[in-house]
Amino acid sequence: MKSKINFLSSKSIAIVISIVIVIVHFILRKYNYQNFHNVLGWDVLAYYLYLPFTFIHGDPGMTDQNIIKYIFDNYQPSGTFYQAYPIGNGNWSPMYTLGYAILYFPFFIVGHIWALFSSYPADGFSYPYQFSIANGVLTYIIGGVFAIRKSLTHFFSDKITSIVLVCMLLGTTFFHEAVIDEVGPHAMMFAGFATALLLTIKWHKNPQSKTAFLLGLVIGLCILARGSGIFVVFVPLLWNIHDKASLIEKLELVWEKRKHLLFLMIGLFVFPMIQIVYWKLITGDFIFNTYKVTPGFDWLQPHFQKVFFSYKKGWLLYTPIISFALLGLYSMIKQNKQISFAVITFVLINIYVISSWGTWWQGGSFGSRYFVESYAILAIPFGYFTQAILHKRILKYTFILLASFFVFLNLFQTWQFNNFLFDGYSMTKEYYWRIFLKTEVTDEDRKYREIIRDFAPVDVFNNKEDYNKRTAAFLNFEDVNFIDFNRDYIDSTVSVSGNNSFKITPEAIYGPTYKIPYHHLTQNEHAYMTVSFDYYAQHDIAESSAFLIVEMDHNNGQYVEKRRAWNLRDFEHKTGEWNTISVDYLTPYPLSMTNDVFKIYVYLDGDKAINIDNFKVDVYERKW
């Protein structure tokens, strides 16, 4: 007699969710996002560059920048090339480590073979590569769905497991990351964390050297893929430790199975060794910090309020269902103290580090994407909360109604985001509520977003009527000077008006520097600056030029955001006469209003002096 299929079983739920992910992914990629033609753009390019440069061009150091020019001319992967940087020996380094390149590799090979036997160019970026990688990585993500299901069944009934799967996979931003940012880091890292959790459970229940090796392999790949992958180490390290006796018991188990620890360490270093060899080949060092061009951390001033509650990317605002998982930490302590210390330690460290990251708003994502991988661990306290609440008659129905609404809201807002009603960069309180549960938006609605930053190398400011203007700085080197400067370089032989100008010479190449903290410039999320000055040169400026620099320094120059350099030779110039330069600059989104400082100055890039006069900075702040 054939057994009936239970369509509400956790296995059936996992299958249905996986099918939904595949179908929605294909529809969105084909119809909403250029038919798989920009899968490998933006940050993903930094993970991917290792493959085409090493296996197609034979240039792992990316010394031939003509290849980059070819990629950008033909595929436009991003507004500017920020994904790698020169390291001083002629080579370039991607800004991220190569963990995801390893995960892309099998599908890169599929795409390459396809391209070789077709009319597409075998250049690493044509349609076969993008299609193969975008669809191939879904195998990892779907594997993560089944890994988390298997882990949950060790703690909960099939009914509770099914509820957790629906809520955590369809009710959180995991779904968005899985269906449209699949080549990005977070949905795949979720799969890595889910697999590490499952292997941790298996080893503690039945210690085997094979399980230990696989656990090390997965953790090593997670760490190599993204530095935050190291957080998952706390799960196996602290698993089953909840008091002194359990700590002693854990240490005795590890000592008894110390050969397993060796297997774990071997597995841990398999993938990182590839990176170490690459670093030695490219940089000359075995260890190299690829993340040096990132904003870093504000350890003493974490952005908790913004990370949790802001309308820009607030975790609890865009993923309200996760509040049940956080409440579930208490339920977990009451119901399973053996694993509580490991899970809570992981959660607290993860929250603190994410909240301390300089770019706390996490780029152009839907909601708080940095938390997505942690949902593999947070699924456990969510399960314990669900298990507890279903035994309380009134609260049970409240939970069911809220959870159902939160799942619907997440799916609806995912649709809004992928149909460009939501925006990954410009959400505000006013705009959020104007489009709440709407399927259309008006131009009037869009006025209430933050400014749209398009990453173009030149800012276009053509709506000054919408802004209030004030002068933040002015120097005429006579009676009106907003900042101090070295008066030894006052020159009274030439000036636009009055008697003086400032002379920049090969011996003193910097003009006066205007510095202003972000919060003194504006209290808003953006402002425009118009920087202007007059300059005089007795030579052809093309022969010995100068630059106007505007940049935002974070944490005393630890990181420089949006540095713009205007070469005077690119502007119309008349030798022996006064010329005027005027440029517009849109402020980047503040990393920290108190720790971000704008620097504006002129410096000489030649061997012949120039004079400047009437140095002026006007600030424009939006009227609403």
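The values are calculated or read from the model by the stated rules, or taken from the named source; none is laboratory data. Note that the structure is a prediction, hence the values are computed from the model and not measured. A quick note on method: Cβ atoms are made from the backbone with ideal geometry, for glycine too, and the neighbour counts reach across all protein chains shown. These area figures cover heavy atoms from the full protein model, side chains too; ligands, DNA and RNA do not enter into them. Shrake-Rupley method; radii C 1.70, N 1.55, O 1.52, S 1.80 Å.
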Every listed condition ((1) touching a Gly at 6+ places or on another chain (Cβ under 8 Å); (2) within 23 Å of residue 613 (Cα to Cα)) holds for residue 558 save (2)
Of the listed residues (371, 406), the one being surrounded by 17 or more Cβ atoms within 10 Å (Cβ to Cβ), touching a Pro at 6+ places or on another chain (Cβ under 7 Å) and assigned to a helix (DSSP H, G or I) is 406
Of the conditions (1) under 25 Å from residue 399 (Cα atoms); (2) aliphatic (A, V, I, L, M); (3) touching a residue at least 60 places away in the same chain (Cβ under 8 Å), the single one that residue 332 does not satisfy is (3)
So the helices (runs of 4 or more DSSP H) completely within the range 73-190 holding 3 or more residues that are at pLDDT 95 or above, surrounded by fewer than 21 Cβ atoms within 10 Å (Cβ to Cβ) and out of contact with any strand residue (DSSP E or B) (no Cβ under 6 Å at 6 or more places or on another chain) are 99-116, 127-136, 138-152, 158-170
Given (1) surrounded by 15 or more Cβ atoms within 10 Å (Cβ to Cβ); (2) more than 23 Å from the chain's Cα centre (by Cα), residue 244 misses just (1)
When the range 254-276 is checked residue by residue, the ones that are open to solvent by less than 40 Å² (accessible area, probe 1.4 Å) and out of contact with any helix residue (DSSP H, G or I) (no Cβ under 7 Å at 6 or more places or on another chain) are 276
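Please verify whether residue 437 is in contact with a helix residue (DSSP H, G or I) (Cβ under 8 Å, 6 or more places away or on another chain), touching a residue at least 60 places away in the same chain (Cβ under 8 Å) and either under 30 Å from residue 332 (Cα atoms) or not polar (S, T, N, Q) (or both), treating the condition exactly as stated.
Answer is no for this residue.
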Counted residues in the range 309-346 being in a helix (DSSP H, G or I) and open to solvent by 10 Å² or more (accessible area, probe 1.4 Å) come to 18
Taking the range 447-458 and the residues there that are out of contact with any His (no Cβ under 6 Å at 6 or more places or on another chain) and closer than 14 Å to residue 589 by Cβ, the one that is least open to solvent (accessible area, probe 1.4 Å) would be 450
Review point. Can residue 23 be described as out of contact with any Asp or Glu (no Cβ under 8 Å at 6 or more places or on another chain), buried (at least 16 other Cβ atoms within 10 Å of the Cβ) and not in a loop (DSSP other than H, G, I, E, B)?
Key: no
Log entry, pairs with first residue in the range 228-241 being closer than 24 Å to residue 369 by Cα and at pLDDT 95 or above, second being open to solvent by less than 50 Å² (accessible area, probe 1.4 Å) and among the small types (Gly, Ala, Ser), beta carbons closer than 6 Å, six or more apart or on different chains, reads 232/196; 235/342
Of the residues in the range 576-608, those that are modelled with pLDDT of 95 or more, of a type in the set (Val, Ile, Thr) and either in a loop (DSSP other than H, G, I, E, B) or open to solvent by less than 70 Å² (accessible area, probe 1.4 Å) (or both) come to 581, 583, 587, 597, 600, 602
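Could you look through the range 553-571, keep only residues that are basic (Lys, Arg) and in contact with a Leu (Cβ under 9 Å, 6 or more places away or on another chain), and pick out the one that is nearest to residue 595 (Cα to Cα)?
562
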Restricting the range 277-293 to residues that are assigned to a helix (DSSP H, G or I) and touching a helix residue (DSSP H, G or I) at 6+ places or on another chain (Cβ under 8 Å), the one modelled with the lowest pLDDT turns out to be 291
Going through the range 44-81 in order, the residues found to be of a type in the set (Ser, Thr, Tyr) and in contact with a helix residue (DSSP H, G or I) (Cβ under 8 Å, 6 or more places away or on another chain) are 47, 48, 50, 78
Only unsatisfied item for residue 425, checking (1) in the same structural domain as residue 82 (by the TED database); (2) hydroxyl-bearing (Ser, Thr, Tyr); (3) open to solvent by 50 Å² or more (accessible area, probe 1.4 Å), is (1)
Inset, instruction - Check whether at least one residue in the range 477-499 is under 43 Å from the mean Cα position of the chain (by Cα) and at pLDDT 95 or above, and report yes or no. - result: no
